[in-house]
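Reading through the structure tokens given below for one structure.
Read the figures in this text as sums done on the coordinates, not as results from a lab. Note that the coordinates shown come from a computational prediction; the quantities given were computed from them, not determined experimentally. In this analysis, Cβ positions are derived from the backbone assuming ideal geometry, glycine residues included, and neighbour counts consider all displayed protein chains.
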Amino acid sequence: MNKFLSIISKPIVVTLLVITADQWLKIWVKTNMYLSQEFPVIGNWFYIHFTENKGMAFGMEFGGDWGKLALSLFRIVAVCGIGYYLFKVLPKDAHKGLKISVALIFAGAIGNILDSAFYGIVFNESFNQIAMFLPKEGGYASFLHGWVVDMFWFPLLEGNFPNWLPFWGGEHFLFFRPVFNIADASISTGIGLVFTFNKRFFQKKEKEE
């Protein structure tokens with residue numbers, strides 16, 4: 001058991017597992033559901049809800065086609081930097097938690113880049129239809145202009161703000177509204193772990209200095 005845990009906690013294994021799970025689920029959703037289709041997983045608070053966005057985490061968009069291209073290029077540069085840090089700069093004796101955290105960020109970034117880079121080429125649109133892989137008429141977008149597939153939705157709390165509340169009084173609210181994917185969750189988890197355990201992760205280095 002310890003040997004198994006040691007293997008799956010290696011950065012390269014973490015990276016491959018996250019990318020594989022992320023892409024498998026995205027391709028399944030893309031080829032089995034049409035846009036905005038959903039089904040409950042657990043009660044009324046966890047749904048698989050198919051949506052697509054222009055590339056930012058949790059369904060956010062940025063600057064149209066040029067913004068999409070800039071975001072994709074930035075991600076590629078960032079992934080190269082993170083990968084270099086993970087496999088070349090990070091010491092072999094670095095805290096295992098730090099290695100796993102960086103690997104989660106690295107894998108999540110790659111997962112969403114794959115959508116942006118290739119999904120527009122290999123799939124057609126999902127609006128009112130289930131997308132086809134390698135359609136005869138070609139894909140719906142060019143290289144680096146594909147849309148990121150999101151599917152996890154947790155509408156945990158829904159209602160209206162009290163009327164006496166300034167600015168938002170009486171307005172409808174929904175928590176948690178954003179729809180996200182495994183790659184988004186992987187990035188958020190990795191960043192959260194680094195912020196939460198940064199003293200522990202970098203403790204050895206600080207002592208040596």
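Please pull out the direction-averaged projected area of the chain, using the convex hull of its alpha-carbon atoms, in nm² to one decimal place. Intermediate results must be reported in sequence, preceding the final value.
Details: hull surface 65.1 nm².
The directionally averaged projection comes out at 16.3 nm².
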Given 0.36 nm per residue, what is the gain on full extension from GLU158 to ARG200 after removing their alpha carbon distance, in nm?
11.3 nm
Can you tell me how the range 105-149 classifies by the Cα gyration tensor, rounded, prolate or oblate, using a/c under 1.5 as the rounded cut?
prolate
For ARG177 and GLU137, compute 0.36 nm times the residue count separating them, minus their Cα-Cα distance, and round to one decimal in nm.
10.9 nm
Along the range 115-129, what does the Karplus equation 6.51 cos²θ - 1.76 cosθ + 1.60 (θ = phi - 60°) give for ³J(HN,Hα), rounded to whole Hz, x for Gly and Pro?
4, 4, 6, 10, 5, x, 8, 9, 10, 8, 5, 10, 6, 6, 7
If we count other beta carbons within 10 Å of each Cβ, what is the order of TYR47, TYR85, fewest first?
TYR85, TYR47
Expected output is a single nm value to one decimal: the length gained when fully extending between TRP24 and LEU90, i.e. 0.36 nm times separation in residues minus the C-alpha distance. What is it?
20.8 nm
Residues other than PHE127 with Cβ under 13 Å of its Cβ, Lys/Arg counted +1 and Asp/Glu -1, net out at -1
Among rounded, prolate and oblate, which fits the range 72-160 when a ≥ b ≥ c are the square roots of the eigenvalues of its C-alpha gyration tensor, a/c under 1.5 means rounded, and a/b larger than b/c means prolate?
oblate
Could you sort 174-185, 34-45, 121-132 so that the peptide with the highest average Cβ count within 10 Å comes first and the rest follow in order?
174-185, 121-132, 34-45
I'd like the Karplus ³J(HN,Hα) series for the range 149-159: coefficients 6.51, -1.76, 1.60, θ = phi - 60°, whole numbers in Hz, and an x wherever there's a Gly or Pro.
8, 10, 8, 7, 9, 10, x, 6, 9, 9, x
